[in-house]
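> Would you mind keeping the following structure in view while I ask a few things?
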Number of protein chains: 2
Amino acid sequence: MKLEQAAKQLEALGNPTRLNLYRTLVRAGEAGRPVGYLQETLGIAASTLSHHLHRLILTGLVTQERQATTLICRANYPVMSDLLGFLADECCADAACSPASGEVAA
Amino acid sequence: MKLEQAAKQLEALGNPTRLNLYRTLVRAGEAGRPVGYLQETLGIAASTLSHHLHRLILTGLVTQERQATTLICRANYPVMSDLLGFLADECCADAACSPASGEVAA
DNA sequence: CCGATATTTCGAGAATCCTGGAAATAGTGC
DNA sequence: GCACTATTTCCAGGATTCTCGAAATATCGG
């Protein structure tokens with residue numbers, strides 16, 4: 001079910017700490033950010049950060065790559081793009097909501 | 001804080017029942033749907049629906065209007081549009097993410 | 001192999017959420 | 001005002017979340 005997955009991703013972003021975390025990663029771009037850097041920047045316990053990071057990774061919104069002892073985290077753009085696509089398609093909120101995909105009212 | 005509000009709205013949508021509910025309202029368009037209709041369609045207890053509806057209304061994603069004894073619920077497009085705007089602006093996930101708003105990496 | 005650094009897992013407490021039934025409230029029509 | 005329908009509020013139980021500290025794990029440099 002696509003809806004279930006979208007809900008999970010929205011829920012993952014629906015927490016101030018995680019949304020802030022995700023935003024930080026998006027702004028970091030392709031370079032990504034090490035976990036330790038994020039921990040200092042966000043000012044939360046390492047275990048707490050690990051927990052939130054895990055949730056974002058589970059939904060696919062964030063990926064990790066190991067570089068020696070540090071883990072680099074990156075925002076996974078395509079997944080977010082998919083999510084926005086779902087919202088536009090299923091829950092279109094724009095005035096330009098054309099009846100392109102799926103019956104509008106049956 | 002805009003981030004706090006965005007997180008609240010994302011959290012409101014981050015539940016399968018509520019996302020489905022919201023989608024139903026979006027598809028209903030300007031006509032909206034009465035609470036009772038939603039309750040039958042979604043197949044959940046009236047009190048449960050009322051609870052979820054309340055959350056969506058608190059975040060501004062849904063509005064209600066009374067028509068005699070029934071309450072008509074409608075998706076509040078501008079709020080969703082604002083939310084998508086925030087995501088595009090702060091957490092841009094598109095390849096076309098230009099460095100228009102805010103420093104990209106400082 | 002050992003010490004050092006980076007990160008996760010474990011355990012736990014407080015808070016919040018989700019769900020539904022029962023009772024209360026709001027509004028209508030007579 | 002009264003019966004009636006539509007909806008919300010109250011209550012409660014079970015599940016999940018959020019947060020952190022302490023301990024465990026992983027990787028590197030020597």
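> Determine which residues of region B:63-79 fall in the zone a paramagnetic label at B:T17 would reach in this model, i.e. backbone nitrogen under 13 Å from the point 7 Å along Cα→Cβ.
The answer is none.
> Here is a further query. To the nearest 10 Å², what's A:S81's accessible area with a 1.4 Å probe?
Number for this one is 50 Å².
> Which net charge results for the neighbourhood of A:Q39, defined as the other residues with beta-carbon distances under 15 angstrom from its beta-carbon, given Lys and Arg at +1 and Asp and Glu at -1? Let's see the in-between values first.
Details: positive: A:R18, A:R33; negative: A:E40.
Once all neighbours under 15 Å are counted, the net charge is +1.
> Can I ask one more? Using protein chains only and a probe of 1.4 angstrom, how many square angstrom of A:M80 are accessible, to the nearest 10?
Counting only protein heavy atoms, the figure is 0 Å².
> Further, regarding this structure: In peptide B:27-37, what is the residue-averaged number of other protein chain Cβ atoms found within 10 Å of each Cβ?
Taking all residues of B:27-37 together, the mean is 1.
> In what order, largest first, do A:Y22, A:Y37 sit by accessible area if the probe radius is 1.4 Å?
Values: A:Y22 0, A:Y37 105 Å².
Correct descending sequence by accessible area is A:Y37, A:Y22.
> Also: For B:I72, enumerate residues with amide H under 5 Å from its amide H, sequence gap 5+ or separate chain, H modeled in the peptide plane.
For B:I72, whose amide H was placed from the backbone, the distant partners under 5 Å are B:E65, B:R66, B:Q67.
> Now for a separate question. Run the accessible area of region A:2-90 with a 1.4 Å probe and give the carbon-and-sulfur part as a rounded percent.
Values: 2120 of 4220 Å².
Exposed carbon and sulfur together represent 50 percent of the surface.
> Which value, in square angstrom to the nearest 100, describes the accessible area buried between chains A and B on both sides, using a 1.4 angstrom probe? Write out the running numbers ahead of the final one.
Details: alone 6880 and 6910 Å², together 11140 Å².
The A and B chains share an interface burying roughly 2700 Å².
> Please label the shape of region A:2-90 as rounded, prolate or oblate, based on the square roots a ≥ b ≥ c of the eigenvalues of the alpha-carbon gyration tensor (a/c under 1.5 means rounded; beyond that, a/b larger than b/c means prolate, else oblate). Show your work: numbers first, answer last.
Values: a/c = 2.15, a/b = 1.69, b/c = 1.28.
It comes out prolate by the Cα gyration axes.
> Still on this structure, I have one more. Percent relative contact order of region A:2-90, based on C-alpha pairs within less than 8 angstrom and at least six residues apart? Kindly include the intermediate steps, with their values, before the conclusion.
On the way: 83 pairs, mean separation 28.9, N = 89.
With pairs under 8 Å counted, the relative contact order is 32 percent.
> For region B:2-89, what does the accessible surface come to per residue with a 1.4 Å probe? Please give it in Å². Show your work: numbers first, answer last.
Details: 4220 Å² over 88 residues.
Using a 1.4 Å probe on heavy atoms only, each residue of region B:2-89 averages 48 Å².
The values are calculated or read from the model by the stated rules, or taken from the named source; none is laboratory data. Everything numeric in this text was worked out from a predicted model, so none of it was measured. Don't worry about glycine lacking a Cβ; one is built from the backbone with ideal geometry, like all the others, and counts go over all protein chains shown. The protein model used for the area step is the full one, side chains on, heavy atoms only, and it has no ligands, DNA or RNA in it. Shrake-Rupley method; radii C 1.70, N 1.55, O 1.52, S 1.80 Å.
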